[in-house]
1. Report the local net charge at GLY14: Lys and Arg +1, Asp and Glu -1, summed over other residues whose C-beta lies under 12 Å from its C-beta.
2. With contacts defined as alpha carbon pairs under 8 Å and 6 or more residues apart, what's the relative contact order of the chain in percent?
3. When a/c is below 1.5 the answer is rounded, else prolate if a/b is larger than b/c, else oblate, so apply that to region 129-211 with a ≥ b ≥ c taken from the square roots of the Cα gyration tensor eigenvalues.
4. Simple spin-label model, 7 Å along Cα-to-Cβ: ALA94 to ASP108 in nm?
5. As a test of the definition: which semi-axes, in Å, follow for the chain when you take the square root of five times each eigenvalue of its alpha carbon gyration tensor? Largest first, please.
6. On a full-extension model of 0.36 nm per residue, what is the gain between ARG62 and GLU168, subtracting their alpha-carbon distance, rounded to one decimal in nm?
7. Report the extension gain between ALA35 and VAL179 in nm, rounded to one decimal, defined as 0.36 nm multiplied by the number of residues separating them, less their alpha carbon distance.
8. Considering the chain as a Gaussian network with a 10 Å cut-off on Cα pairs, which listed residue, PRO140, PRO121, PRO152, attains the greatest mean-square fluctuation?
Amino acid sequence: MITLSQITPHFARGWQTRTNSANSVAITFDDGPDAATTPELLKMLDDTGLKATMFVIGQKCRKQGSLLREITAAGHALACHGYVHARHGFRGKAYLETSLRQSTYMLDEFGVTVSRAFRPPYGFIDFGMPERTRNAGFTPVLWSAHINDWKPQSEAELLRACERVVHERMILLLHDGHVSTSRLRPTLEYLASVIRAKKWAMLKLPEHQHAGSATQC
C-alpha cells in the first residue's frame, strides 16, 4: 500500500509530478469548490495575476454552477479530484471510471469543461491506477511541492513553507475549502513575484490540452 506520506511523488511511477516544459510552473488547488472560500480565493488569484488548475470534487459541484462558471471565466482550469473525497486506490477499474464519469457529467450539466487531468484524493495511489486513469482518458497528476495548507496555519507559516519549496517545473499543491485558504494571500503574492522575476510560464493541466495558453505573471 502506497501513500504520499510514505514516499515522495518523485518516485510515483506513471504519475506526472512536474511540468513538462522548462521555465514553467503549475499552481493547483484541491478540494473545491466551496462557497465559503472559493470566491475569496478567486479574488486573491485575480489580484496577483496567477492562473491555476482547480481539482474539484464532483459531489461538491452540486448547485455551484455559477461559481464553477466564475472559475473558468477567470481563466482557471477545472480538473477532477474524484466524485467524492475518498480513497480511490485499491478499488478497481469500475470505481475509478464511475468517479471520473460522474464528475464529468456533473460539470457538463453546468456548461463548463473539465480538463482531462485527475488527482486522487489524499494522494492515495496503487501501482495500477496510472494505467486505469489513462485508459479512462485522463492524465494522472500528483505534485512536486506542497505546504501542508490543509492544516490550520498562520499567514507567516504558509509563506515560510512556500519559500522553502518553490522550484522550476514544480506542480504546487494548494487547497481550497480549508481554514488556511483565506490566509494564502502573502503566499500567492510571493509566488507571483518569483514567477515574474524568473519569467516562468504558468501552465494549466494537462499541458497538452492547453497548448498555447501558458500565462506570464
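1. Numbers: positive: ARG13, ARG132, ARG134; negative: ASP126, GLU131.
Charge balance near GLY14 sits at +1.
2. Details: 441 pairs, mean separation 67.4, N = 217.
The value is 31 percent.
3. Values: a/c = 2.52, a/b = 1.48, b/c = 1.71.
Taking the square roots of the gyration eigenvalues as a ≥ b ≥ c, region 129-211 is oblate.
4. Each label point is offset 7 Å from its Cα along the Cβ direction, giving 2.1 nm.
5. Values: eigenvalues 118, 78, 58 Å².
Largest first, the chain gives 24, 20, 17 Å.
6. Details: separation 106, 0.36 × 106 = 38.16 nm, distance 3.58 nm.
That works out to 34.6 nm of additional length.
7. On the way: separation 144, 0.36 × 144 = 51.84 nm, distance 1.32 nm.
Going from the current span to full extension adds 50.5 nm.
8. Most flexible of the set in this elastic network: PRO152.
None of the figures in this text is laboratory data; all of them are computed from the coordinates on show. All of these numbers come straight from a predicted model, not from anything done at the bench. Backbone-built Cβ (ideal geometry, glycine too); neighbour counts: all protein chains shown.
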